[in-house]
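Chemist: Okay, handing you the structure first.
Values quoted throughout were computed directly from the atomic coordinates according to the rules given, and no laboratory measurement underlies them. On a predicted model such as this, the values are computed, not experimentally measured, just so you know. Note: ideal-geometry Cβ built from the backbone for every residue, glycine included; neighbour counts use all protein chains shown.
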Amino acid sequence: MIIHIVQLVGVVVGSIAPILRCFTSIGHYSLSKKLSKNHLNVFRVEKHWIERLQQWKRNHVHSHIPGRYLKIVFHYVKNAFLNFCLALHIVVLVICKTIVLVPRAFLILLSCCWYLFKSVLEWLKKVATTSNGNMSSEIEEYARYVVQIEEEAKLSKRILRNTLRSITELLNAEKEPRNLLMLLEKSKGFIGVVEFDNDLVQPLYPEETHNCWSLVVVTLTTIAIALPNIANGHFKGLLAGMSEGLKIVRHIEDCLDADGELVSAIKSARRVWKEVEVYRKWLKIDLQNKAHEDKTSKEILKWLGDEGEKIMKRFMSNKKSSIDRSPYKFVLASSMYRISTSILLHLNAQEISLNDEDLFEWISTIIADILFACFTNLPRVIKMKCHHNEIEKRGDNIRIAAQLLGKSKEILKILEARTLPNIDQDSMAYIDKWRVLPKIQLTNGGASTNEIYQDHHVVELLAGV
């Protein structure tokens, strides 16, 4: 008697988990007559079950079998084997569907009862709050973006509501990058994109690498940190803003550098940034050495340019491979030489000499302009994250896109009020493409950024936040 009771308890307890899983699975989908009919039809085989076998059957196999007749026999045998596998697979599917027909019919009946019970409750309450109305409209709006295996098996409102709530929480959970926004307030346009480099500075070697967003702003920040007679609070503010900005720039560069031309420059900038941010050093050179306290800004710029030139010449004298696989020191030194020399030429051309604080503010403004130019790619990057081809990575990418949108809401609002130069979307991803634009377009602008944002779903997301 005790044995029977123990066995009965074991059966009941063991049945709880499968029953709960069944309730959870049916709760993922909204009830419909078409869906119920398809579930009861055991002879209906969905396309995704046999799609891979049919694809193998259609594909041509490049065999090394000599002779035309032997190849015919090979393809005949291959197709016959795949037809057998298809038939066996369909038979197994029909048997499995027949086995689960009884519990499935019971669950559908139970779902109908629950649906009727809920309908009666809603009819009795007849209370529709404004928030629920807004949520329902948002669910209907974004439901068309859900990826579904079966067209009839639409996700239930509960799952869609929870998904929308989780995305909204991600958007609101991200704190605004205050330090970055304070840095970006210094920007009035995109003119800094052309002012950081001067075409009068001739390259020391014809094989110098290309510029990227992070390399330029990191080099400019390094120069600003090395300037004398600047309060430590200004340095901390610039470094904090740059640290927050580079987190966004990283996503943009990872998404848009499709050709991989800028990999060396991007890796070099990321490698040296920690050294600049934490130790205030550049390639182990102390940027705030006490020996340089008595030097002027022009002398500091000359010194940084000379250091970059020395590193480049040292590398070229021991050259064993092409610049395409250049070590990070050469990339950083090349950038430092060009930018510091360009700034020095700018100072020498000024009728009224800038003091140290004015020069620091001018460099900070250039950094802000460049970051804003880079951030014009944000809508495109967020859209690319949401439309990733690999399903395995799509969930993580959508989460990253939501976090990125949460961080950049204020930045995108500021950009909407600005005007863009006449530049196509692909060229917009590269700073060297911006540099060739006329200055008049970077100050007074061309096309409104609203036109850019209307091509993306980012505006709709922003409107719902």
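Chemist: What is the extension gain from residue 435 to residue 410, computed as 0.36 nm multiplied by their sequence separation minus the C-alpha to C-alpha distance, in nm to one decimal?
Modeler: Using 0.36 nm per residue and subtracting the Cα-Cα distance, I get 6.4 nm.
Chemist: Points 7 angstrom from Cα along the Cβ direction at residue 393 and residue 201: gap in nanometres?
Modeler: Going by the 7 Å Cα→Cβ label model, 3.5 nm.
Chemist: Return the tail of the calculated pair distribution for region 178-464, meaning the percent of Cα-Cα pairs more than 33 Å apart.
Modeler: So the portion of pairs separated by more than 33 Å is 22 percent.
Chemist: If you find the alpha carbon centre of region 328-360 and of region 294-308, how far apart are they in angstrom?
Modeler: With region 328-360 and region 294-308 each reduced to a Cα centre, they are spaced 9 Å.
Chemist: Then there is this: Can you give me the distance in nm between label points at residue 6 and residue 117, each placed 7 Å from the Cα along the Cα-to-Cβ direction?
Modeler: Taking the simple label geometry, residue 6 and residue 117 are separated by 3.6 nm.
Chemist: Can I ask one more? How many percent of all Cα-Cα pairs in region 355-414 sit more than 13 Å apart?
Modeler: 67
Chemist: Where the convex hull is taken over the Cα atoms of region 201-354, what is its projected area averaged over directions, in nm²?
Modeler: 9.8
Chemist: Could you give the length gained by full extension between residue 353 and residue 295, i.e. 0.36 nm per residue of separation minus their alpha carbon distance, to one decimal place?
Modeler: Here the segment from residue 353 to residue 295 would lengthen by 19.3 nm.
Chemist: Give, as a single signed number, the net charge of other residues whose beta carbon lies under 10 Å from the beta carbon of residue 262, with Lys and Arg counted +1 and Asp and Glu -1.
Modeler: The answer is -4.
Chemist: List the residues whose amide H sits under 5 Å from the amide H of residue 282, counting only those 5 or more places along or on another chain, with H placed 1.01 Å from N in the peptide plane.
Modeler: So residue 282 has HN proximity to 287.
Chemist: Sort 404-414, 374-384, 89-99 by the packing proxy (mean of other Cβ within 10 Å over each peptide's residues), most packed first.
Modeler: Descending packing order for the listed peptides: 374-384, 404-414, 89-99.
Chemist: Based on the mean of other beta carbon atoms within 10 Å per residue, what is the order of 415-427, 42-54, 213-225, most packed first?
Modeler: Peptide ranking by packing, descending: 213-225, 415-427, 42-54.
Chemist: Additional query: Find out how many positive minus negative residues lie around residue 77, taking Lys and Arg as positive, Asp and Glu as negative, among other residues whose Cβ is under 13 Å from that of residue 77.
Modeler: +3
Chemist: How large is ³J(HN,Hα), in whole Hz, for each residue of region 302-311 in order, when computed from phi with the Karplus curve 6.51 cos²θ - 1.76 cosθ + 1.60 and θ = phi - 60°, using x for Gly and Pro?
Modeler: For region 302-311, the Karplus-derived couplings read 5, 5, 5, x, 5, 5, x, 5, 4, 5 Hz, x marking Gly and Pro.
Chemist: Let me ask something else about it. Stokes-Einstein D for region 40-100 at 20 °C, 1.002 mPa s, Kirkwood Rh over Cα pairs, in µm²/s?
Modeler: Rounded, D is 161 µm²/s.
Chemist: Mind giving me the nanometre distance, one decimal, between the label points for residue 99 and residue 50, set 7 Å out from Cα along Cα→Cβ?
Modeler: Inter-label distance under the simple model: 2.0 nm.
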